[in-house]
Amino acid sequence: MRQQLFDSLRYRLVLIFALAVLIPSLFGIIVASRHYANLMEAGRASIARYGALVAEDQRHILQRNEQLVRGLARDPAILAAAAGQDSTQCAALLAAALKPYPSFSGAVLANLDGEPICYPAGQKGALNVAQSGWFKRVVSTGNFVLSGSLIGRISNQPVFVLAAPVLTSDGHLLGVLALDLRIDWLTELYSGTPLPESSSLYILDDTGKAVVELTSPGAQTQQAFPASAEKHIIRDGMQHEFGATGRDGVDRFYTLIPVTGYPLYVLLGMPLADLQQSPRNSLFSQILVLCLISATGIGVALVGTRLLITQWTERLTQVAYEISQGNLAPEIRLTNAPRELRNLGETLGGMAQKIHDRDAALNEMVDQRQRMLRELHHRIKNNLQIVISFLSLYSRLPMSDQEHVGISDLQLRVSALALAQRHLYEKEDMKSVALQPFVDALCNLLGGHLRKRGDIQLRAEIAKQNLNIDKVVPLALVITEIVCSGVKSFSEQSAVAIRLNLTSTDNEKATLVISFSGVALTPRSDYLEKSSLGASLVRALAKQLGGDIESTESNPGAATIRFFLHEEPANPADIRKEA
C-alpha cells in the first residue's frame, strides 16, 4: 500500500510540499514540547518551594517552643524541685509559664524514675512516664527530644511531647521536663494558610502518620493522602519529589520536605491533571495551530497538483494501460493539458501505431512458424510410418527367431517415435503435450505388441499434467525400452502384469514407477547395472529428461524415474560457478 501510494506522481509532489511544511512544523512541536517540559518543571519547583516555606515555618515554631522548654529546665525553681527541694515554686512557675501559650495542654517535671515531681498549678495530676519512649531517649542521650504523635495523658488529645533534660551546672542529670504541644493548635495555626488550588498539605511524624491535614477548598483531606508516604519517608529522610496515587485513585505529584532538626515532615500534593492543565493547554494550542497550517498546506497541494498536473498524467497512464492491454488505437484527450504532456500523448499514439504494425508482422511470422513446425512433425511421422512399413515387409522374409524378435523390437521403437511426433503436431500451442492421453496411447501400442509374446497385461495410472515438448520423445523411448527389456526377465509361459504409475506432487517434478509381476527367470534384476546397449540407452534417455533412474532389486526389470515436467530449475551453485 505504501509503495503504491508513493508511486503516484501526485502524492510525490504532495510529499515534497509536505516535507517543506512539516519539517518546520515538527521543529515547532519540539520547541513546544520543551516549553511544556519547562512549564511542568516550573510547576513542580513552585510546589516544592511552597512546601519548603511551610517546613521552614514549622521549624521556627518548634525552635521557639524548644527554647521555652530549655529555658524552663534551667530555671532555679525547676532545678530545686528536681534536686528534691521544695516543689511549690516549681508548680507556680510552670503555671505562669504556660498561661500565655495556649499551644500547650500540660507539663510535668519527672525524676529519673519517671515519677512526677511537679506539674502546673491547676493541672489535675500527672502519671509515671518511665515507659515513654521520649523519656527513655532524654535519659539515655541527655538531649532535647520531640516525640511523635501521642495521646496526651492529661488532655487525652493528640500532642507532641517536647522534653528537655534538667541538668546541674556540672552536667549531672536530675530529671526530665516535658511539655505537651497540642496538635490541634498546629491545625488551627495553618487553617488560614492559603494553599495552591486543589492541593493538600500534611505534616507527618517520623512514622509517616499525618498529624496535621489541610486542603484547599473542594478537596478531601484523607482521600488525597498517598498510601506509600511511609515508604518515601523511610527511604532516605531527605527532601524529594515523587508521583503516587491518592486514596481517591487520583494521580498526584507530591513533594516531601523534612523539618530541619526535628522528626517531622511536610507533605504537599497536587493532582497531576491540575499541574499539567495550563502547560498542556498551551502545548495543545501550539500543536493545533501547527497542524492546521500543515493540513491546509497539504490540502492545497493535493487540490493544486490534481487540477494542474496529475489529472493529465492519469489520462496518459490510462492510455498507456489500454495500449498494454492490446488496444492500439486509444482515445487521447489532452486538449487543455500542458504542452509537454500533450507532446507525450502524441508520442504514445505514434508508438501505439508502430506497435500495431509490428505486432501484425510478428503474428504473421509466428503463424507461419507454427504451420512449418506442424508440417515438419507431420512429415517426420509419415517418414517414420514408411520406415515401419519397410520393417514390416522385411520381417516377412525368412530369418531366424532372434532376427525376427530384433526386427519386431525395432519396429516397436520406431512406432513409439511416430506416436510422439503425432502428438506433437496435433498440439495447438506447440509448447507442451498432455501426459495422460499420450502415455495411454503409448501403453495401447506397447500392449498390442507385447500380447504377441504371451499373457501380458499393461495398466497405466497417469497424473493429469502437461509435459514439455522437448521431453516427449525421451519419455516415449525410455518407457518403451524399460517395458520391452523388463518383459525379457520373465518366462514366456508366465502371465506378466506391467504397471505404470506416474505421479506429480506439484506442477514441476514427476515420478514414474514401472513395475512387473510374474515368474521371473532370475531372482533379481541388475539390468541398469549392466553395460549393455539397452541399459546405456535408458540412462542416457533419463538424463535427457533431466532426472535420474534407479532399479528395484525385489522386482526384476522394474525402475523408478524422477524427472522435471518442464525445464529443470537452475542450481544456484552452478550459476555461481558459471559467474
Checklist entry - So for the chain, taking the charge dipole from beta-carbon charges (+1 Lys/Arg, -1 Asp/Glu), which of ALA110, ALA463, LEU22 sits furthest toward the positive end? => result ALA463
Next on the checklist: Starting from the Kirkwood Rh over alpha-carbon pairs, what translational D in µm² s⁻¹ does the chain have by Stokes-Einstein at 10 °C and 1.306 mPa s?
Outcome noted: 43
Checklist entry - How large are Rg and Dmax for region 124-197 when only the alpha carbon atoms are used, in Å? => result 15.3, 54
Checklist entry - How large is the dipole of region 72-229 about the Cα centre if only Lys and Arg carry +1 and Asp and Glu carry -1, each at its Cβ, rounded to the nearest 20 debye? => result 140
Checklist entry - Counting DSSP beta bridges in the chain, what percent are antiparallel, to the nearest 5? => result 90
Item to check | the chain: Cys lacking any partner C-beta under 4.7 angstrom | outcome: CYS291, CYS443, CYS484
Checklist entry - Once amide H atoms are built 1.01 Å from N in the peptide plane, which residues 5 or more positions from GLY152, or in another chain, come under 5 Å H to H? => result GLN157, VAL159
Checklist entry - According to the square roots a ≥ b ≥ c of the eigenvalues of the Cα gyration tensor, what is the shape class of region 242-390, taking rounded for a/c under 1.5, prolate for a/b larger than b/c otherwise, and oblate for the remainder? => result oblate
Checklist outcome for this item: Note, region 145-157: 3J(HN,Hα) by Karplus (6.51, -1.76, 1.60, θ = phi - 60°), whole Hz, Gly/Pro = x, goes 9, 10, 7, x, 5, 10, 8, x, 6, 8, 8, 6, 10
Checklist entry - So how tilted is helix 272-305 from the main axis of the chain? Cα-based, degrees 0 to 90, rounded to 10. => result 30
Checklist entry - Using the Karplus equation 6.51 cos²θ - 1.76 cosθ + 1.60 (θ = phi - 60°), what ³J(HN,Hα) coupling, rounded to whole Hz, does each residue of region 503-509 give in order, writing x for Gly and Pro? => result 10, 8, 7, 9, 9, 10, 10
Item to check | Debye log10 I(q)/I(0) at q = 0.10, 0.16 Å⁻¹ for region 8-122, Cα point scatterers | outcome: -0.57, -0.85
Item to check | For CYS118, residues with placed amide H under 5 Å, excluding near neighbours | outcome: LEU109
Item to check | Pairwise centroid distance, computed over Cα atoms, of region 64-141 with region 406-453, Å | outcome: 130
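Using the crude model of +1 on Lys and Arg Cβ and -1 on Asp and Glu Cβ, and no other charge, please compute the dipole size for the chain relative to its Cα centre, in debye to 20.
I would put it at about 1280 debye.
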Checklist entry - Which parts of region 163-189 would a label at ASN143 reach, counting a residue when its backbone N lies under 16 Å from a point 7 Å out along Cα-to-Cβ? => result 163-166
Item to check | 5 angstrom amide H check on LEU458, placed H, neighbours 5+ away | outcome: ILE498
Next on the checklist: For a quick check of understanding: with a 1.4 angstrom probe and all protein chains in place, what accessible area in square angstrom does MET238 have, to the nearest ten?
Outcome noted: 120
Next on the checklist: Taking θ = phi - 60°, what integer Hz values does the Karplus form 6.51 cos²θ - 1.76 cosθ + 1.60 yield along region 101-118, in sequence order, with x for Gly and Pro?
Outcome noted: 10, x, 6, 9, 9, x, 8, 7, 10, 10, 7, 6, 8, x, 7, x, 9, 8
Checklist entry - Could you give the length gained on full extension between ASN383 and GLN277, defined as 0.36 nm per residue of separation minus the Cα-Cα distance, in nm? => result 28.3 nm
Next on the checklist: Could you work out what % of the accessible surface of the chain is carbon and sulfur, using a 1.4 angstrom probe and leaving DNA, RNA and ligands out of the count?
Outcome noted: 55
Next on the checklist: Output the 0 to 90 degree angle, nearest 10, between the alpha-carbon long axis of helix 339-395 and the longest principal axis computed from the alpha carbons of the chain.
Outcome noted: 50
Checklist entry - Viscosity 1.306 mPa s, temperature 10 °C: Stokes-Einstein D of region 292-363 from its Kirkwood Cα radius, in µm² per second? => result 115
Checklist entry - Measuring from centroid to centroid over Cα atoms, what is the spacing of region 323-362 and region 263-310 in Å? => result 50
Checklist entry - What accessible area per residue comes out for the chain, rounded to a whole number of Å², with a 1.4 Å probe? => result 55
Checklist entry - When the helix-only estimate is applied to the chain (DSSP H runs of n ≥ 4, each -39,500 (n - 2.57), divided by the residue count), what is the mean residue ellipticity at 222 nm, nearest 500 deg cm²/dmol? => result -17500 deg cm²/dmol
Next on the checklist: From Cα pairs below 8 angstrom and at least 6 apart in sequence, can you work out the relative contact order of region 230-336, rounded to a whole percent?
Outcome noted: 13
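The values are calculated or read from the model by the stated rules, or taken from the named source; none is laboratory data. Please read these numbers as outputs of a predicted model, since none were measured by experiment. Glycine gets a Cβ as well: all are built from the backbone with ideal geometry, and neighbour counts include every protein chain shown. When the accessible area is computed, the model is the full protein with side chains, heavy atoms only, and any ligands, DNA or RNA have been set aside. Shrake-Rupley method; radii C 1.70, N 1.55, O 1.52, S 1.80 Å.
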